[in-house]
Every structure is written in structure tokens, then in C-alpha cells.
Amino acid sequence: MDEMIIAILRSSTPLIYVTLAGVLAQRTGIWNLGLEGLMIIGACATVLGIAITGSFLQGFLLAVGLCVAASVLLWFVIERLKANQIIAGLGLTGLGLGGTAFAVEAYMGSQVAVTVSSGAPKAGPVLGAFGVLSIFVLLMPVVVLGLWVLLKCTRFGLQLAACGEHAFAARSVGADPSRIRLIALAAGGVLCAAGGAELATGSLQLFAQNMTAGRGFMAFAAVIFGAGHPVWSTFAALFFAVAGVLGIRVQLTFGDNIPHGLLQTLPYLATILGVWVSGKLRGGAKAATLTEEQSDV
Amino acid sequence: MHRSFVPALSCSGVTVQYGPVTAIAGLSIEFAPDLIHAVVGQNGAGKTTFARVAAGLVRPEQGQISVNGRPLPTGSVPNARAAGVELVHQSFALPPSFTIAEAMEFGSTRPGGIFSGRSLARRWKSHLRSLDITADPNSRIRDLPIEIQQGVEIARALVTESKLLILDEPTAVLSPSGIDLLFDRIRRLKSMGVTVVLILHKIREVLAVADTVTVLRGGKHVAGPLPCTELESASLARLIIGDGTTVREGGDIKALTGADAPESFERTAVPVTETPARTTAPLLEIRAVSTAPDSEGPPLSQIDVTLQPGEILGVAGVEGNGQRTLVRAIAGHADLISGTILFSGVDVTRENLTERRRQGLRIIPFERNTEGLSLTSSLWENWSSGALLQGSLLRYVRPAQMRASCDTTLSRWDVLYHDCRQSAGSLSGGNAQKLILAREIDDEARLIVAAQPGRGLDVGATAFVWDALRSARDRGCGVLLISSDLDELFDISDRVLVMLSGRSVGEHSAPYDLQAIGAAMTGANQ
């Protein structure tokens with residue numbers, strides 16, 4: 001049982017961090033389809049940083065810096081250059097996937113995976129069997145609750161939500177939606193760096209090309225499934241992760257009797273199911289638009 | 001007026017341009033403190049822009065705003081709010097999912113800290129009560145009736161020590177009794193030492209509440225602030241409309257500016273064409289229709305509507321009482337639970353919009369720019385879309401021919417344009433509405449649903465729309481006119497039906513009794 005819980009926590013934590021980044025963006029009115037790209041930048045930068053400096057902390061800081069920079073770039077393209085946010089997000093994802101593959105090739109001289117000798121700090125023997133979990137897993141509930149408090153119980157959170165729901169209302173009380181979106185996206189960059197770092201160094205110590213394998217998009221789906229609520233979206237991400245772990249379990253139990261590929265699709269099927277269910281429950285996600293309604297002059 | 005005061009708000013030489021359009025040009029006004037000031041003008045006169053400049057939402061190209069004699073940096077909401085200027089928007093600006101308490105808090109400038117829903121409700125309880133808002137602070141904005149939403153919006157504007165409150169067309173969405181309530185509220189604010197600037201477009205309302213009136217026309221200052229005691233509605237109407245326009249005299253002007261006597265409306269005697277003996281079935285018959293609930297306001301509930309050929313049936317009601325769902329039900333886009341819809345006695349309940357259009361249904365939709373037109377498409381494409389959807393989708397179309405007949409029709413409808421290949425988005429509001437009329441009121445039109453056809457149009461364009469509807473009626477078409485503007489309804493409807501919460505709550509015929517209809521709109525007589 002412990003083993004099962006550990007497996008679920010390990011596979012859900014990266015997804016949850018990235019989901020929270022998506023929640024922050026969604027609340028300000030941005031559907032961030034760049035999550036996949038940000039996550040893989042976080043994973044790659046952490047591993048390469050460790051490989052270069054030998055220190056996890058420096059690797060992680062490099063990941064945070066790059067993810068924040070990429071998020072700010074996304075903000076600039078959407079807010080200042082007025083690009084379509086969906087296209088811009090997908091562009092960032094493409095940049096992340098391609099850029100990390102390129103970075104690995106440039107650093108290693110070939111396209112193999114990069115392995116490093118140290119990973120994220122672990123909880124240690126105090127927690128018994130759970131001691132193998134990384135600090136990212138332990139911090140995850142704190143971050144979820146912290147974000148919930150920020151959004152629900154502070155004025156900044158209300159203004160942030162107002163930006164996404166009714167930007168003109170936010171502007172009318174003197175808030176600056178553009179700046180709030182910048183803050184939300186930059187904070188999301190930090191969360192994506194954490195998600196990527198946990199994916200690459202939480203239980204493994206390696207980076208492989210395309211290792212996020214669509215998790216950024218699953219996180220995006222979790223935001224929709226959870227209606228942009230930090231706690232519900234976290235549970236949605238947890239649900240997708242459980243589906244994945246169960247798939248592996250089933251495979252271990254039944255071996256080759258069930259096609260390998262079919263089981264691997266389980267988390268993705270769960271994602272589609274989740275989005276379909278949430279669409280049925282709430283009448284679908286709202287269209288992504290940052291334009292304010294302007295009545296007559 | 002003599003300047004024996006430091007003006008609460010003054011603007012000098014303010015000019016605002018939206019692209020090539022000059023919204024206001026060199027506007028200079030001064031408002032004395034502790035009074036209720038009205039600013040009036042037609043649509044497009046620059047009233048809303050003026051309000052937004054004063055509140056810091058729009059940065060003017062030129063000009064200066066001063067509050068209590070101190071110049072204010074323009075284009076900054078925080079600065080304007082710090083100086084005590086607050087603006088209540090025409091279509092309210094509160095996030096619908098917020099609770100009342102959250103709506104107070106998100107615009108507050110007092111130290112906030114971390115709060116819970118309960119502590120927030122406690123924090124704002126006394127503030128809300130002092131403004132007579134008794135609704136539960138934890139109820140959500142979207143669940144509130146429109147009068148209370150407006151009250152909450154005013155309370156939101158007063159969370160700081162506001163000294164100058166600007167309300168942008170606050171009466172546009174209210175029922176007559178809601179307007180009385182609002183005016184009481186405004187008078188109370190005045191007694192509390194708040195200077196109020198009210199943007200209005202009905203003379204009747206100006207004279208009922210304001211101390212002074214200022215008239216804008218075409219983005220320029222025409223007159224004022226004039227003391228209201230020395231004014232007559234007729235001269236004010238002339239100031240608002242100007243002398244150069246060629247709109248119809250008489251009833252329309254009065255109705256358009258709301259200068260009529262307030263108590264009851266004698267309809268200008270438009271002779272109703274002798275209704276032929278009703279041997280034929282009514283043009284439109286809606287029998288006990290109910291719809292499934294959805295996000296667009298209350299569902300229809302057992303509603304009955306009958307429309308004869310050659311009549312204009314007005315549908316009155318405060319916005320958001322099922323009017324949109326009614327239009328969608330007639331168009332075949334609503335989710336009907338029960339009931340039937342008949343066109344000329346033929347059951348069309350299961351037919352789609354194309355089939356209904358084939359039977360003569362035409363719709364002038366609520367939202368001109370999103371439902372009525374594709375702004376990025378050309379005029380001729382917009383114009384021909386109605387006809388193209390009839391018949392086989394695979395038939396051969398000759399664009400040149402389409403363009404030629406589009407040109408003929410548009411010039412007949414007085415649309416101002418230079419090439420029918422220009423995009424619909426380049427038309428002004430009035431011309432865009434004429435383009436829709438040109439498409440919808442064609443020779444095959446029999447049943448015309450006109451949803452807020454005069455909204456956002458200036459007086460001339462509105463009069464044009466009314467004339468078009470009247471002549472369609474005189475040709476034997478049936479017109480269902482949905483409007484929240486009672487003046488519009490009273491002026492051109494043969495009968496008026498009142499909607500409340502998705503039901504029909506009574507029918508009225510001329511002469512209309514404003515009190516009775518107002519009471520029906522708000523459910524006061526139930």
C-alpha cells in the first residue's frame with residue numbers, strides 16, 4: 001500500500017505543480033498552453049544545471065530563471081504584441097520541446113538522455129518508507145493550500161480573479177490587469193520549474209527528450225476539469241495520475257495479456273473523460289479572450 | 001452661473017480620440033460641489049467618454065482634469081480614486097461570480113490582510129446597511145436582481161471616502177420603480193455631501209432629480225451647467241438634438257428624448273390599418289412554451305404570445321427577464337421542454353432556423369456586432385448571407401451579381417458606404433443597423449423579430465429604424481419588438497406585453513399606463 005501511495009504521489013506531484021501554474025494563468029484570463037514547454041524547460045534546465053555545477057540548488061535556480069524568463073516572454077507576446085494566447089502558448093510549448101532537445105544535443109554531443117549523480121533532496125529516514133519522497137512532494141500540499149488562500153482570502157487574489165472574469169471591472173478599481181497577468185505568469189514559471197525538477201530529479205536523476213510526454217497538456221486539462229479552482233484542479237491532476245499508476249499496476253499483474261500501448265493511454269483517456277464530464281457539468285469552458293467589452297463612447 | 005465656488009470637478013480642453021474618431025473635442029465643464037448634476041446628450045455625444053476620462057479610465061490626448069481645484073494626473077484610476085472620484089458604469093462592472101462582500105473588498109483601499117468569507121461579510125455589513133442594501137453579503141452578484149446589482153455597484157464606488165460620484169446612464173436598465181429608488185438613493189448621497197454627476201438621456205429623468213444640466217452634442221459642450229429650475233423640456237430637447245438634423249418632428253422626438261409627460265402616454269395617433277377579419281391564423285402563435293434553464297437568464301415558463309399580421313407587438317420588461325430566450329425560441333435555438341410554436345397555423349416547433357426563415361421569419365438580433373453581422377466580412381457578404389442560406393448550399397453563386405443587387409438595396413436603405421466590398425466593421429452603428437434591416441426586411445419577410453433595434457443609435461438612426469418597422473407593419477408584416485425602453489415601445493407598438501422572469505405578465509394597449517406597466521415589469525402587483 002505504501003508503495004502504491006508513493007507511486008501516486010511521485011507521479012502526481014509534477015502534474016500538480018504545473019496545474020497550479022495553469023490555475024494562476026487561467027484566473028487572470030490566460031489559457032496557458034505553454035505549460036508543456038515550461039515543464040520540459042524546468043526538467044531539462046535542472047538536470048543540465050546539476051550536470052554543469054554539481055549542485056541541485058544551482059540547477060533548480062537555473063530552471064526557475066529560465067521558466068520565469070519563458071513565461072515573461074509569453075506575457076510579452078500576448079499582452080504587448082497582442083498575439084492570440086492559444087497560438088502563443090503552443091509556440092512556447094514547441095520552443096520548450098525543441099529547445100531542450102537542442103540543448104541536450106549541444107551539451108552531450110548526441111541525443112541520448114542526460115543522467116546526473118544527484119537529484120532533489122529527499123525527506124530522509126524520519127518518514128520511514130516515505131523518506132524516498134523529495135521535498136517537492138512534501139511542499140506540494142503547502143503550495144496548494146497557500147495558493148487557495150491567496151486566491152480566496154486576499155484582496156490581491158480577488159483582483160487577480162477579477163482580471164480573468166471581468167478585466168474592465170478590475171481596471172475600474174485601479175488594478176492593472178496587464179501587470180497582474182505578468183505576476184501570475186511569472187509565478188507560474190516558478191511552479192513549472194518545480195514541476196519539471198520533480199519530474200526529472202524527484203525519483204529519477206535524468207533528463208530524456210520529450211520526457212514530459214504531454215503532462216503539460218494534462219495539467220491544462222486538470223485546470224479545466226477543476227474549473228480553475230486550485231484545490232479541485234489539484235484533485236483532477238491527482239485523478240489523472242492515479243489512472244496512470246493503475247495502468248502500470250494492471251500491466252504488472254496481467255503482463256503481456258493486455259497490450260502495453262493500451263495501458264499507457266489510460267491517463268490520457270482519463271483526461272479526455274475528465275474534460276468531457278466537466279463540460280457536461282458546467283456547460284463547457286469559456287472562450288479565451290482578453291478583450292474588454294466597451295460600450296458606446 | 002457666477003463662480004463663487006471651487007468646482008468639485010472641472011475639465012478644461014479635454015480631447016479624446018479613438019483612432020480616427022474624435023469622441024470628445026475640447027470639452028470644458030465645471031461642476032459645483034454638493035449638487036446633483038445631469039449630463040445629457042444623444043448616443044455618441046461623448047458622455048461615457050467624459051465620465052471615463054474623469055475616472056481615469058481613459059487618458060485624453062489633451063486637456064486637464066481638476067478635482068476641488070487640484071489638478072489630477074490623467075489616465076490613472078488610482079489617482080482619480082485617491083482624489084475621491086468614483087464611476088458607476090452603465091453595464092455594471094462587477095465580476096458576476098463574486099459575492100457582494102468580495103465585490104466591496106476587491107476595490108477597497110483599506111488594509112485588508114487575509115480574510116475568510118465570514119469575516120469579509122462582517123467587515124462590510126455596516127457599510128452595506130448604511131446604503132440600504134439588505135441582501136446577504138455572501139450572495140453572488142449574478143444571482144441578484146438588477147436593482148440590487150446597481151445598489152451594490154454604488155456601494156462599491158462608495159467604499160472609499162468618495163466625494164464625487166459619476167453614474168453612467170444608471171436608469172437604462174431599471175424599471176420605473178427602480179428609477180424612483182435610485183433617485184431617492186442619489187438624493188440621500190447629496191445630503192451626505194457627495195457631489196453626483198448623472199449621465200442621462202431622458203429629459204423627464206433629468207428634471208426629476210438633477211439640480212443642473214449640461215448638454216453635450218457630437219463630443220462638444222453645447223450648454224450648461226444650467227439650473228434645472230429655469231428649464232423647460234422643449235428647449236432642452238432642442239439643445240440635445242440640435243437644429244440641423246432632419247428627424248421627424250412631434251411624437252418621435254418627444255419619445256426619443258423622454259420629454260413626454262410622465263404619467264401616461266397618449267400615443268401619437270398612428271392609424272392602425274384596418275385589421276382584416278381574422279379568418280386566417282395568427283402570424284405567430286406561441287402556446288405554453290417552457291424552456292430548459294441555461295446561463296442566459298431565466299427560462300421561459302408557460303409563455304403565450306400571439307401576433308397578428310399588420311401589428312407591432314411590443315415586449316416590455318427589465319433586461320434579463322427571458323427576452324433573449326424568447327427570441328431564441330422563435331429562432332429555433334432554445335431548448336424547449338414543452339409547448340408549440342406556430343407560424344400562420346403551421347407547427348414549426350421542430351423546424352430549424354433555415355426552415356423558419358423560409359417561412360418568412362426575420363430577426364434583428366440583440367447584438368448587432370456579434371449576432372447581426374460578421375464585422376470582418378464585406379457588406380455584400382453580410383447582406384447576401386440570408387438569401388444564400390435558402391435553397392441548396394451547392395448551387396452556383398455569382399458574386400458580381402450579388403454585389404450589384406447589394407448596391408441597389410443598400411442605396412434604397414440609405415446606408416452610407418463607399419464600396420460594398422468594405423468590411424461591415426467599418427460602418428457606424430446606425431449604418432450597420434440599416435444593413436441588417438436591408439437584409440432582414442426583404443420582400444419575403446412576414447414575421448419580423450426586432451430585438452432592441454434602437455439601442456446605441458442616435459436619434460436620426462432610431463427614427464429611421466422605427467419608420468422601417470412601421471412601414472413593414474403597414475405592408476402586413478407582424479413585428480415583435482423587444483425593448484427595455486418604454487418610450488420606444490409606447491410610441492410604436494399596437495399592443496405591449498410585459499415579461500417578468502420568463503413569463504408573460506399581462507398585456508396592455510394604448511393609451512399606456514406607465515405606472516401599471518412599471519408595476520408589472522417589477523412584479524409589484526403580484
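Among the candidates A:Gly195, A:Gly216, A:Gly228, the residue that is within 14 Å of another protein chain (Cβ to nearest Cβ) and within 18 Å of A:Asn32 (Cβ to Cβ) is uniquely A:Gly228.
For segment B:50-61, state whether one or more residues are in a helix (DSSP H, G or I), assigned by TED's automatic domain parsing to the domain that holds B:Asp211, open to solvent by less than 20 Å² (accessible area, probe 1.4 Å) and aromatic (Phe, Trp, Tyr). I'd like the intermediate steps shown before the answer.
Pass one, segment B:50-61, residues in a helix (DSSP H, G or I): B:50-54.
In the following step, the residues that additionally are assigned by TED's automatic domain parsing to the domain that holds B:Asp211 were identified as B:50-54.
Remaining after also requiring open to solvent by less than 20 Å² (accessible area, probe 1.4 Å): B:50-54.
From what is left, the residues that are aromatic (Phe, Trp, Tyr) are B:50.
Yes, because at least one residue in segment B:50-61 is in a helix (DSSP H, G or I), assigned by TED's automatic domain parsing to the domain that holds B:Asp211, open to solvent by less than 20 Å² (accessible area, probe 1.4 Å) and aromatic (Phe, Trp, Tyr).
The residues of segment B:399-425 that are farther than 16 Å from B:Asp442 by Cβ, assigned to a helix (DSSP H, G or I) and basic (Lys, Arg) amount to a single one, B:Arg403. Residues that are within 14 Å of another protein chain (Cβ to nearest Cβ) and either within 30 Å of the chain's Cα centre (by Cα) or among the β-branched types (Val, Ile, Thr) (or both) within segment B:113-136 comprise just one, B:Ile114.
Being facing another protein chain (nearest Cβ under 8 Å) and over 19 Å from B:Lys220 (Cβ atoms), is that true of even one residue in segment B:36-46?
Here is the first cut: in segment B:36-46, the ones facing another protein chain (nearest Cβ under 8 Å) are B:43-44, B:46.
Restricting the remaining residues to those that are over 19 Å from B:Lys220 (Cβ atoms) gives none.
No, segment B:36-46 has no match at all.
Identify, please: which residue in segment A:1-27 is under 16 Å from the mean Cα position of the chain (by Cα) and among the β-branched types (Val, Ile, Thr) and is, among those, farthest from A:Trp75 (Cα to Cα)? Steps first, answer last, please.
The first filter runs over segment A:1-27 and keeps only residues under 16 Å from the mean Cα position of the chain (by Cα), leaving A:9-27.
Cutting the leftovers down to among the β-branched types (Val, Ile, Thr) gives us A:13, A:16, A:18-19, A:23.
Details: A:Thr13: 25, A:Ile16: 22, A:Val18: 17, A:Thr19: 18, A:Val23: 15 Å.
Here the answer is A:Thr13.
Within segment A:263-282, residues that are open to solvent by 90 Å² or more (accessible area, probe 1.4 Å) have Cβ atoms under 7 Å from residues that are part of a helix (DSSP H, G or I) in these pairs: A:Gln264/A:Gly247, counting only partners at least 6 apart in sequence or on another chain. Going by the conditions given, is A:Tyr17 within 29 Å of A:Ala227 (Cβ to Cβ) and either open to solvent by 30 Å² or more (accessible area, probe 1.4 Å) or touching a helix residue (DSSP H, G or I) at 6+ places or on another chain (Cβ under 6 Å) (or both)? Yes.
For segment B:78-96, which positions are part of a loop (DSSP other than H, G, I, E, B) and within 11 Å of another protein chain (Cβ to nearest Cβ)? Don't jump to the end; show me each part of the working.
Residues of segment B:78-96 that are part of a loop (DSSP other than H, G, I, E, B), as a first pass: B:83-84, B:89-96.
Result: B:His89, B:Gln90, B:Ser91, B:Phe92, B:Ala93, B:Leu94, B:Pro95, B:Pro96.
Among the residues in segment B:1-11, are any outside any loop (DSSP other than H, G, I, E, B), away from chain A (no Cβ under 11 Å) and without any contact (Cβ under 8 Å) to a residue 60 or more places away in the chain? Among the residues of segment B:1-11, at least one is outside any loop (DSSP other than H, G, I, E, B), away from chain A (no Cβ under 11 Å) and without any contact (Cβ under 8 Å) to a residue 60 or more places away in the chain, which makes the answer yes. Of all residues in segment B:199-219 being out of contact with any Gly (no Cβ under 7 Å at 6 or more places or on another chain) and in a strand (DSSP E or B), which is surrounded by the fewest Cβ atoms within 10 Å (Cβ to Cβ)? Here the residue is B:Leu200. Close contacts from segment B:373-386, counting a first residue that is under 19 Å from B:Pro453 (Cβ atoms) and assigned to a helix (DSSP H, G or I) and a second that is open to solvent by less than 10 Å² (accessible area, probe 1.4 Å) and charged (D, E, K, R), with Cβ to Cβ under 8 Å and a gap of 6+ residues or different chains, come to B:Gly386/B:Glu440.
For segment B:450-471, a residue qualifies if it is modelled with pLDDT of 90 or more, touching a strand residue (DSSP E or B) at 6+ places or on another chain (Cβ under 6 Å) and either among the hydroxyl-bearing types (Ser, Thr, Tyr) or buried (at least 24 other Cβ atoms within 10 Å of the Cβ) (or both), and exactly one does: B:Ala450. The set of residues in segment B:333-343 being in a loop (DSSP other than H, G, I, E, B) and modelled with pLDDT of 90 or more is empty.
Only a single criterion out of (1) open to solvent by 50 Å² or more (accessible area, probe 1.4 Å); (2) of a type in the set (Ser, Thr, Tyr); (3) at pLDDT below 90 is not satisfied by B:Thr306, namely (3). Do we find a residue being within 14 Å of chain A (Cβ to nearest Cβ), open to solvent by 10 Å² or more (accessible area, probe 1.4 Å), at pLDDT below 90 and under 25 Å from B:Ile286 (Cα atoms) anywhere in segment B:417-439? No, that holds for no residue. Check whether at least one residue in segment B:69-77 is within 12 Å of chain A (Cβ to nearest Cβ) and either part of a loop (DSSP other than H, G, I, E, B) or in contact (Cβ under 8 Å) with a residue 40 or more places away in the chain (or both), and report yes or no. Checking segment B:69-77: at least one residue is within 12 Å of chain A (Cβ to nearest Cβ) and either part of a loop (DSSP other than H, G, I, E, B) or in contact (Cβ under 8 Å) with a residue 40 or more places away in the chain (or both).
The values are calculated or read from the model by the stated rules, or taken from the named source; none is laboratory data. Just so it is clear, the model here is predicted, and its values are computed rather than measured. Please note: Cβ atoms are built from the backbone with ideal geometry, for glycine as well, and neighbour counts cover all protein chains shown. When the accessible area is computed, the model is the full protein with side chains, heavy atoms only, and any ligands, DNA or RNA have been set aside. Shrake-Rupley method; radii C 1.70, N 1.55, O 1.52, S 1.80 Å.
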